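Below is one structure, written out as C-alpha cells; comments come after it.
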Amino acid sequence: MALKVEVYQIEKVRPCSPTPQTLRNYKLSLLDILVSVCYSPMVFFYDSHAGGHDYDELKDSLMKTLSVLYPLAGRIKDGSTIECNDEGADFVRANVTNCDLGEFLRHPKLEDIRQLLPLDPYPNAIHPAHPMLAVQLNRFRCGGTAVAFCIWHGLGDAGAMMGLFNTLAAINRGEGPINPAGLIVDASAIFRPGNLVSSPVTPLLFKNQGKYSSKRFVFSKQDIERLRNNYYHPSEHRRCPSRVVALSAFIWAAVIRAILPSNPNLKTHLLTNVVNLRKKLNPPFPSQCLGNINQAVAARWESEADGGGRVTAGFLVGRVAEAIDKVTDDYMREMHAEGGYIRAILNFSKAALWDEIKTLSISSMCNIPFSQVDFGWGKPIWIGLGHMREDLVIFLDAEDGGVEVWIGLTEEVMCNLDKDMEFNAYVSFSQIFSEPSYPMRSAL
C-alpha cells in the first residue's frame with residue numbers, strides 16, 4: 001500500500017535576528033563545492049508523546065537556530081559563495097493519513113521515506129531560489145512524528161548536520177544553543193576552490209549508471225568484534241583494526257566477489273572511504289562546525305597483482321587502514337597546496353566515467369550521536385536515510401553497539417551478494433530498502 005502524505009502548510013522560517021552585514025558572504029571550500037549538487041536527507045522518527053509534539057514551538061526554535069547557523073538561511077550567490085541574506089528555510093507540515101508509525105517502521109521503504117521529505121534531494125540543478133535547509137514535520141495517525149531534514153550538501157557533512165540537530169534540539173528543550181561560536185568556520189583558506197567553480201567534475205561524483213536496488217544490513221557488536229579479531233595479527237605489528245576499517249574491508253571483499261561472476265575480467269576495483277578531518281587538522285576544527293570537513297581516500301585491488309579469483313577481507317584490511325592512516329595534517333596541507341587532491345579526483349572521475357575501474361564508496365556516520373537527538377520528545381526510535389545511490393555504502397550506529405549498513409548495488413551484484421555465505425555468516429538482519437529501479441525522485 002502506497003503511503004499517503006498530505007501537506008497542509010508550507011511556510012518560510014527566517015532567523016529571529018538579522019545576520020550582520022560583516023557576515024554577509026560565506027565562502028565555500030573546495031570540499032564543499034565537490035559535493036554541492038544534492039541535499040543530504042535524514043528523518044528522525046519519534047513515538048507519540050504524552051504532551052503531544054508541538055510543531056509551533058519547533059518552528060520558533062528553528063528561527064533561533066538560523067540566527068546561530070546563519071548560512072543555512074542564505075542562498076547561493078555564485079559557485080563559491082553563499083549570500084547570508086536571511087531568506088530562510090522551508091518549514092512544511094503534513095499528515096500521514098493511512099498509516100501508524102509502528103506499521104511504517106515494520107518495513108520502511110525508500111520510496112515511502114521520500115514522501116516524508118520537504119524537497120527532492122537530487123534536483124537537476126541548485127539555483128538561487130532553492131533553500132539551503134528544508135524541514136518537514138509528518139504526523140502519523142497514532143500521534144507519532146517523523147521530522148525530515150534536507151540540508152544542502154555544500155554546507156554540511158554528517159558532523160555539520162549533527163551541529164544543526166544538536167543546536168535545534170537544545171533550543172527546543174529550553175537549554176539554548178550549545179557552543180554557538182564553534183559552529184561557523186572558514187575552511188576555504190585551507191581547502192581553496194581555485195579554478196574548480198563550474199568544473200565538470202562535480203556531477204561525475206554522483207553518477208548513476210542505471211537500475212539498482214538497495215538493502216539494509218545489520219551487523220551486531222559481537223559479529224563486528226569477531227571480524228576485528230579475525231583481521232588482527234600481532235606478528236604483523238599492526239594495531240587491531242577499528243570497526244569501520246574491519247567492516248569496510250569485509251564489505252569491499254564481498255562486493256568484489258559479487259561482481260566477478262558477471263565481470264570475470266575485472267582488473268581494478270577501488271574502495272573510497274570518507275575521512276572526517278576535523279580532529280586531524282592542526283589546530284583542529286570544532287567537531288560539529290558547518291562545512292564538508294572531510295576527504296575521500298582510496299584503497300586499490302588489482303586482479304593480476306592480487307591473485308584474481310579468491311578475494312578475502314583479511315587480505316584487504318591492511319590497505320583500507322593504510323589509506324585512512326595516511327591522512328594527517330601535513331599530508332592534507334601538502335596535497336591541497338599543490339592541487340594534488342583535485343587532480344586525483346579528476347583522474348578518478350575520468351576512469352569511472354569510461355568504466356576503466358569499478359568503485360565502491362563508503363561513508364561512515366558511526367560515532368556521530370544522531371540517536372541522541374531529543375527535541376524534548378524523547379530519543380528517536382529510528383533514523384532513516386532518504387537517499388541511496390549505486391555503489392554507495394553508508395554506516396550508521398545501531399542500538400546495541402553494532403552497525404547498520406545501507407548498500408546500493410546493481411540488481412545482479414546485489415543478488416550475488418545475497419548468496420555469499422561468508423558475507424551472510426556475519427549479518428544478523430537484512431531488509432530490502434528499495435526494489436531494483438531507476439534512481440527515484442521525490443513525489444513532491
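The values are calculated or read from the model by the stated rules, or taken from the named source; none is laboratory data. This is a predicted model, so every value here is computed, not measured. Please note: Cβ atoms are built from the backbone with ideal geometry, for glycine as well, and neighbour counts cover all protein chains shown.
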TODO: Specify the residue that is nearest to the chain's Cα centre (by Cα); the eligible residues are those in the stretch 51-77 that are closer than 20 Å to ALA129 by Cα and not in a helix (DSSP H, G or I).
DONE: LEU69
Open item on the list: All but one of (1) within 14 Å of ALA296 (Cβ to Cβ); (2) surrounded by fewer than 21 Cβ atoms within 10 Å (Cβ to Cβ) hold for ILE357; state the number of the condition that does not hold.
Closed with: (1)
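To keep it simple, each residue is scored yes or no on (1) surrounded by fewer than 21 Cβ atoms within 10 Å (Cβ to Cβ); (2) part of a helix (DSSP H, G or I); (3) not hydrophobic (A, V, I, L, M, F, W, C).
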site	(1), (2), (3)
TYR26	no, no, yes
ASP86	yes, no, yes
GLU103	yes, yes, yes
ILE113	no, yes, no
Task: Single residue of the stretch 250-284 satisfying the filter (of a type in the set (Lys, Arg) and surrounded by 15 or more Cβ atoms within 10 Å (Cβ to Cβ)) that is nearest to ALA313 (Cα to Cα) - done: ARG257
TODO: Any chance you could count how many residues in the stretch 64-89 are within 25 Å of GLY174 (Cα to Cα) and small (Gly, Ala, Ser)?
DONE: 4
Open item on the list: Within the stretch 391-408, take every residue that is closer than 16 Å to ILE224 by Cα and assigned to a loop (DSSP other than H, G, I, E, B) and give me the one that is nearest to the chain's Cα centre (by Cα).
Closed with: ALA398
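What residue, of SER287, SER349, SER363, is over 23 Å from ARG389 (Cα atoms), surrounded by 14 or more Cβ atoms within 10 Å (Cβ to Cβ) and of a type in the set (S, T, N, Q)? Can you show your working first?
Numbers: SER349 fails: over 23 Å from ARG389 (Cα atoms); SER363 fails: over 23 Å from ARG389 (Cα atoms).
Just a single option satisfies the conditions, and that option is SER287.
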Task: Filter result for the condition that a residue is surrounded by 15 or more Cβ atoms within 10 Å (Cβ to Cβ) and under 16 Å from LEU31 (Cα atoms), over VAL327, VAL245 - done: VAL327
Task: Selected residue (criterion: surrounded by the fewest Cβ atoms within 10 Å (Cβ to Cβ)) from residues of the stretch 10-24 that are aliphatic (A, V, I, L, M) and assigned to a strand (DSSP E or B) - done: ILE10
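For the stretch 325-377: of the residues being touching a His at 6+ places or on another chain (Cβ under 9 Å) and modelled with pLDDT under 85, which is farthest from LEU277 (Cα to Cα)? So that I can check it myself, show each step before the final result.
Let us first name the residues in the stretch 325-377 that are touching a His at 6+ places or on another chain (Cβ under 9 Å), namely 342, 357-360, 375-377.
Next cut, modelled with pLDDT under 85 only: 342, 357.
On the way: ILE342: 17, ILE357: 27 Å.
Selected residue: ILE357.
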Task: Members of the stretch 140-192 found to be of a type in the set (Ser, Thr, Tyr) and over 26 Å from SER36 (Cα atoms), listed by number - done: THR145
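Only one residue in ALA321, ALA296 is touching a Lys or Arg at 6+ places or on another chain (Cβ under 8 Å) and either touching a residue at least 12 places away in the same chain (Cβ under 8 Å) or of a type in the set (D, E, K, R) (or both). Which one?
Numbers: ALA296 fails: touching a Lys or Arg at 6+ places or on another chain (Cβ under 8 Å).
Sole residue among the options that is touching a Lys or Arg at 6+ places or on another chain (Cβ under 8 Å) and either touching a residue at least 12 places away in the same chain (Cβ under 8 Å) or of a type in the set (D, E, K, R) (or both): ALA321.
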